[in-house]
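All remarks here apply to the structure that follows.
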Amino acid sequence: MVEAGRSPNIEILTSARLEALEGKPGRFTASVHQEPRFIDDDKCTACGTCTMYCPMPIVDLFNERLNITRVPHIDYAQAVPTSYYIDPRACLRINYETCNLCAQTCTAQAIDFSQKPRELSLDIGAVILAPGFGRTDLSVLAKYGYGRFLNVVTSMEFERLTCASGPTEGRLVRLSDRKPLKKIAFLQCVGSRDETCGNGYCSSVCCMYAIKEASVAKEHDPDLEIALFFMDVRTQGKGFDAARERAEEKYGLRVIRARIPRVDQVDGRLALTWTTDDGKSCSELFDMVVLSEGLNAPKDAEAIAEIAGIELNHYGFCRTLVDSPLAASRKGVYVAGAFQGPKDIPESVTQASGVAAMASELLSEVRNTQTVSLSYPEEDKAIESEGPRIGVFVCHCGSNIAGVVDVDAVRDYAGTLPDVVFSRDTLYSCSQDALKGIATKIKGNRLNRVVIAACSPRTHEPLFQETLRSIGLNAALIEMVNIRDQCSWVHSQEPEAATEKAKDLVRMAVAKARLLEPLEKTTVDVSPTALVIGGGAAGMTAALCIAEQGFECVLVERSDQLGGNLRRLVWTMDGQEASKVLDDLIKRVDGHPMVRVMLEAQVKDVSGYVGNFTSSIVKGGQPVAVDHGVIVIATGGRENRPKSYKYGRNKRVLTQLELEESLAKGKGFLKNIKNIVMIQCVGSRGEDMSHCSRLCCAQAIKNALKLKGIKPNIRIYCLYRDMRTYGFSEDLFKEARKKGVIFIRYEPDRRPEVIERDGRIKVRVFDRLLEDEIDIFACLVVLSVGIAPGDNDALARVLKTPLTPEGFFLEAHVKLRPVELASEGIYLCGLAHGPKPLDESIAQAKAAAAKAAIPLAKGQAEVASTVSRVDKAACIGCGVCESLCPFNAIRLFRVNKRRKAETITASCKGCGICASHCPTLAISMGGFTDEAIMAQIHAFAGEKCV
Amino acid sequence: MGECHYQSGNYEAMIIAEICRQVLKDVGVNPERMVLEWASAAEAPRFVELITRYVSAVKAIGPLGSAEGEDKEAIIRMHLKAGVKAASARKVRTALGKLAKDIKKSGDYNPQIISDGVTKKVFPAFREERLAQEIQICLAETGPCKSADISEKTGGDIKEIGKILETLSRKELVKKQGSNWYGIGN
Amino acid sequence: MPEGKSKKSGAVMVLGGGIAGIQTTLDLADLGYYVYLVEKKASIGGVMARLDKTFPTNDCSL
Amino acid sequence: MTGGVFNPHILGFFCHWCCYAAADAAGVSRYQYPPNVRVIRVMCTGRIDLRFILEAFGCGADGVFTGG
């Protein structure tokens, strides 16, 4: 969020909404209406005085109405833009021309009631709709006693209760009497899979977030008792099942398969009644009931659709197709996140990068035409090489620091420290005018090291580094001292101790500043070509998308034809012909001038780093060297071949894909087939493979409906553990039930058995409702076998990237960087990342193409300056650093027959593990050298150290 | 155990914390003076509780040195000075590096494995190097003395000190004359 | 390629400042486009900013 | 030392991303805690070398708090 706030090429328009959108793709005009904030962002320093003085309390919407705040407020401390705003609805000054207290008390004079609403007209090339989702409306919640009983809360309210900066500071208490909680119940599918409120779909995320909220609650209070009421446990994301099972076992969460119809209150506690599978009826009392509310279409969906000229689906979400999941119905308008359909954060982030790629495709020829890149004056090497001339600036931050710390005393004390030639206090060092003042003082006194004693470097260091760069001083020659967030704010009752601490911290910073060295921000040239490994649906989509963005792409496919698993698919989930999608992709790939396809080719070795990879690809026995800047892994996955269930030993036992292929050959195949038994999770979730493959339930239902379409009176049984038809595929599940498909649930410890007797096969399964074993005679048994990882070991070793325990590639961060690998410049999409349906693979391929195009678009990769540097003479080539580095950013090279370590600056993240483990202390970290830290330790002791 | 921004940084810190605890015990400093805690960016209340609890714990232990024993302050300071030298010695750091490498390869960072690894592979090397450093400091400061006085001053038992004196004399850092040992200015 | 006199605009409008809006805005800026991020509330972050921790890693959501 | 009461001198090594950020968040919410800790910011707890901790104690620190 912070980066979005700072980039010169991003303009955040808050309290604004879209009024109209005209024009055609590449040439739109959008008119936007913006309400005033009544506080000037640049001036406001978020000190909070206005909130203290405002007499008008209002309900805090950010905290789900659980506490009160004042008219001038900020949603939460780390909000971006980091400035307060006035809520006009309740403001006395705006509505009744009285009060004006906040404007008087604001020391930064940032409050301005003369601000008016603005109408903006923006010339844009593409529109991306990401308005998120709407909340479940009260009528649905009221069915469960929400609004009548205080202790019935929604999951969002529960989030605020567990949040450390929330209304109860993380203490879990009953809202009715603030007593600590003992027993909590989570009700699933509130406002989802519920015909009565029109939301027949499944919201895909509630099962997983309920488990998370339960675990967080147990962390707060281990002896809490928690029960969760599920219909199907739908935790089908990557690593989700594993996380859920760990949580259930570690926290003793009780999972009950029942849907609670209503909630009653019995002497202050909440009563739930339900019947279990075996007919027993139970009822229990709970302190709190959390309603896992689903994700609705945004409230203003119709308005957005009408203005943007796009179509919605029958649930009010944006309508998209399986083979182009990110494009809304109007060309040039794209959709990402929950507005396209209920989804979790990892998928929203993936789709967000995906639509960035589509916009970048549409506007590739006008790239960099409207962005501004800052230019800096030449660095003044002379000053930097002189002896240390340190300037110390001690900030008042209005009263935030000066109210507790004696700033003058600290300023004078700093003046006495060796090498400090200038010391001054400032009222607000982060305000525009103070920064200019600091710049002139630095030039005026020929300072070459700067110490800023103010707030946290985490938030403000870049701001001061920019100031240094703007006057020709290297950005590394600054050290910040946190005397606000970690001193005055937290020791407000002990002013002398706080002042003493501030002096010590300044002394330590000056000691470090004395040893600061200018650090080069090295940039690395990027060769503008991408290498895509794997020619399946994901690989082709990624290659096409990179080429459309204007960059050359080499597509390597092991087999002799493109298509991968897409070749075996017959129908997509929304009924399109899969072969049409396949042919279209292949035609566009073969026809694209920027894509070079290499069939029957395999990547044997890859060397280099982001921007400068060189791969040797073996094609027809001959190694071919290819230079490229980035790599996209799209090696796909493989249909699992189960060993059990008589598969391979009886020709009437097929997999879902095989069924689809034979159905496509013609109806004759079904001539004397009357009974079909489908078995879900074959080989998955605990058998050959531990993971759930996410798409087999939907695929089974699709095939069942195809069968019923061809031969309506055919009998189909589906034996399942959890029907995981998440999102809109829930409709298909309902339709299958309507068409008479019989669903029988089995427990993992009593899996169905395929029995062969004199040529006929039957399936024995324990039916929980009848509490007895039943045998179903089957003319055909169809197994949903799930997706196993391709043989990724060879490629993983070549690229030195880790694999997950299940054998898929491990992404850098499951939520924030889902399509990137830890090592820079390598991206990932499709089944190689994990099992997923076609539309998610395509969206992920676009996302990978977007991320891969960034270094290509920039032409240069800028490298952080706090990287490691190896002193070759001291290095004895022991290799400890190479083995410990999490980013393969330090490698051993042969330097005239001796082994020496060397940093790969582009990949180094500056964590410093190598430096702290080097036996000969040969590695120094930019900005955090051993000497600097030792100097700080000695300064910490002050006089005490000998 | 919040997730470390650099993925494995916090695991390596656990190994260093373990060696530090064993070293502090060895030089007579109360190991509870050094703690390694985890608090993610959103766990401010947990952080405050950790700091408050830790400060009162240190208050209970008392000032460094005098809390460990009335006359011990000077000796502990010498142990620590030698300890820093030992922690910079290549032999010790290689042992630590190798242990970190093996544990990372095994991927099993549970505390028992770490503490066994440190006890067996790293701490002995550290203790030997510390004693060696102390002998040289001690001889340089107080002049020649018998191995018995050395072991009493450094806290190492006679056999241990004997062995180290052997290695030091082989490196010509010390010389034996009669029953006294002399430091050679290196 | 677009016909007619009007050249394409090198800017993009993103409607909605939640996690999806912010992520696509950052990517577009990196890809060399000027981005207008239109958010109806007074601060960006959307629903995710209200979450305490987010699955499956349970690290903070800021 | 203020008065007779022993006031420990503690050195903290805080990791920039986690513990240092938690300390900032504590400041924003204005939690109060004892002022005895002086903080050195490092990019990661993995950066903390055994030498630093021993040097700190050698220089008279009564305690070392490493936070990740």
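The values are calculated or read from the model by the stated rules, or taken from the named source; none is laboratory data. The model shown is predicted, which means the values in this text are computed figures rather than measured ones. Every residue, glycine among them, receives a Cβ derived from its backbone with ideal geometry; neighbour counts consider all protein chains shown. All accessible areas refer to the heavy atoms of the entire protein, side chains included, with ligands and DNA or RNA removed. Shrake-Rupley method; radii C 1.70, N 1.55, O 1.52, S 1.80 Å.
Residues that are open to solvent by less than 60 Å² (accessible area, probe 1.4 Å) and without any contact (Cβ under 8 Å) to a residue 24 or more places away in the chain were ranked within the range A:299-315; the one that is nearest to A:Gly341 (Cα to Cα) is A:Leu312. Picking from residues in the range D:1-45 that are of a type in the set (Phe, Trp, Tyr) and at the interface with chain A (Cβ under 8 Å from one of its Cβ atoms), the one that is surrounded by the most Cβ atoms within 10 Å (Cβ to Cβ) is D:Tyr20. Filtered by the rule that a residue be open to solvent by 30 Å² or more (accessible area, probe 1.4 Å), of a type outside the set (Val, Ile, Thr), within 7 Å of another protein chain (Cβ to nearest Cβ) and touching a Pro at 6+ places or on another chain (Cβ under 9 Å), the range B:34-77 gives B:Lys59, B:Pro63.
If you check A:Arg389 against the conditions, is it open to solvent by 10 Å² or more (accessible area, probe 1.4 Å), modelled with pLDDT of 90 or more, touching a Gly at 6+ places or on another chain (Cβ under 9 Å) and more than 9 Å from every other protein chain (Cβ to nearest Cβ)? Against the criterion (open to solvent by 10 Å² or more (accessible area, probe 1.4 Å), modelled with pLDDT of 90 or more, touching a Gly at 6+ places or on another chain (Cβ under 9 Å) and more than 9 Å from every other protein chain (Cβ to nearest Cβ)), A:Arg389 does not qualify.
Annotation: of all residues in the range A:868-902 being open to solvent by less than 20 Å² (accessible area, probe 1.4 Å) and either away from chain D (no Cβ under 14 Å) or hydroxyl-bearing (Ser, Thr, Tyr) (or both), the one that is nearest to the chain's Cα centre (by Cα) is A:Ser868. Looking only at the range A:405-451, residues that are on the phi > 0 side of the Ramachandran plot and of a type outside the set (Asp, Glu) come to 1 in all. Return only the number of the condition from (1) modelled with pLDDT under 90; (2) of a type outside the set (Asp, Glu); (3) more than 31 Å from the chain's Cα centre (by Cα) that A:Val510 does not satisfy. With (1) modelled with pLDDT under 90; (2) of a type outside the set (Asp, Glu); (3) more than 31 Å from the chain's Cα centre (by Cα) applied to A:Val510, the lone miss is (1).
Can you pull out the residues in the range A:347-377 that are open to solvent by 20 Å² or more (accessible area, probe 1.4 Å) and either within 27 Å of A:Lys815 (Cβ to Cβ) or more than 10 Å from every other protein chain (Cβ to nearest Cβ) (or both)? Walk me through how you get there before you give the answer.
As a first pass, look at the range A:347-377 and keep what is open to solvent by 20 Å² or more (accessible area, probe 1.4 Å): A:347, A:358, A:361-362, A:364-365, A:367-377.
The answer is A:Glu347, A:Met358, A:Glu361, A:Leu374, A:Ser375, A:Tyr376, A:Pro377.
Are there strands (runs of 3 or more DSSP E) fully within the range A:99-155 with at least 2 residues that are away from chain C (no Cβ under 13 Å) and touching a strand residue (DSSP E or B) at 6+ places or on another chain (Cβ under 9 Å)? List them.
By residue number, A:152-154.
Residues in the range A:837-863 that are open to solvent by 20 Å² or more (accessible area, probe 1.4 Å) and assigned to a loop (DSSP other than H, G, I, E, B): A:Pro837, A:Gly859.
Scan the range D:51-68 residue by residue and report those that are facing chain A (nearest Cβ under 8 Å) and either in contact with a Pro (Cβ under 6 Å, 6 or more places away or on another chain) or in a helix (DSSP H, G or I) (or both). Explain how you work it out, then say what you get.
Of all residues in the range D:51-68, those facing chain A (nearest Cβ under 8 Å) come to D:51-52, D:55-56, D:58-61.
Within the range D:51-68, D:Arg51, D:Phe52, D:Glu55, D:Ala56, D:Gly58 meet the criteria.
Scanning the range A:559-580 for residues that are open to solvent by 20 Å² or more (accessible area, probe 1.4 Å) and in contact (Cβ under 8 Å) with a residue 60 or more places away in the chain yields A:Gly564, A:Asn565, A:Arg568, A:Leu569, A:Val570, A:Trp571, A:Met573, A:Asp574, A:Gln576.
Of everything in the range A:909-927 that is in a loop (DSSP other than H, G, I, E, B) and open to solvent by 20 Å² or more (accessible area, probe 1.4 Å), the residue that is farthest from the other protein chains (Cβ to nearest Cβ) is A:Gly927. Within the option set B:Ile164, B:Ile184, being in contact with an Asp or Glu (Cβ under 8 Å, 6 or more places away or on another chain) and open to solvent by 40 Å² or more (accessible area, probe 1.4 Å) holds for one residue only, B:Ile184.
Against the conditions (1) farther than 25 Å from A:Gly200 by Cβ; (2) within 13 Å of chain C (Cβ to nearest Cβ), A:Arg330 satisfies every one except (2). Here A:Asp627 clears all of (1) part of a helix (DSSP H, G or I); (2) within 25 Å of A:Gly550 (Cβ to Cβ); (3) open to solvent by 20 Å² or more (accessible area, probe 1.4 Å) except the condition numbered (1).
Has the range A:271-280 got at least one residue that is hydrophobic (A, V, I, L, M, F, W, C) and either crowded, with 23+ Cβ neighbours inside 10 Å or within 14 Å of chain C (Cβ to nearest Cβ) (or both)? Outline the logic, then answer.
To start, the set of residues in the range A:271-280 that are hydrophobic (A, V, I, L, M, F, W, C) comprises A:271-272, A:274.
Subsequent filtering for residues that are either crowded, with 23+ Cβ neighbours inside 10 Å or within 14 Å of chain C (Cβ to nearest Cβ) (or both) retains none.
So far as the range A:271-280 goes, no, none of its residues is hydrophobic (A, V, I, L, M, F, W, C) and either crowded, with 23+ Cβ neighbours inside 10 Å or within 14 Å of chain C (Cβ to nearest Cβ) (or both).
Applying the selection to the range A:548-558, what residues are in contact with a strand residue (DSSP E or B) (Cβ under 7 Å, 6 or more places away or on another chain) and either assigned to a strand (DSSP E or B) or surrounded by fewer than 19 Cβ atoms within 10 Å (Cβ to Cβ) (or both)? Passing the criteria: A:Glu552, A:Cys553, A:Val554, A:Leu555, A:Val556, A:Arg558.
Would you be able to say whether some residue in the range C:14-27 is at pLDDT 85 or above, surrounded by fewer than 24 Cβ atoms within 10 Å (Cβ to Cβ) and within 7 Å of another protein chain (Cβ to nearest Cβ)? If you could, list the steps in order and put the result at the bottom.
Within the range C:14-27, the subset at pLDDT 85 or above is C:14-27.
Then keep just the ones that are surrounded by fewer than 24 Cβ atoms within 10 Å (Cβ to Cβ); that gives C:26.
Filter again for within 7 Å of another protein chain (Cβ to nearest Cβ), leaving C:26.
Checked the range C:14-27: at least one residue is at pLDDT 85 or above, surrounded by fewer than 24 Cβ atoms within 10 Å (Cβ to Cβ) and within 7 Å of another protein chain (Cβ to nearest Cβ).
Counting the residues of the range A:439-463 that are surrounded by fewer than 22 Cβ atoms within 10 Å (Cβ to Cβ) and part of a helix (DSSP H, G or I) gives 12.
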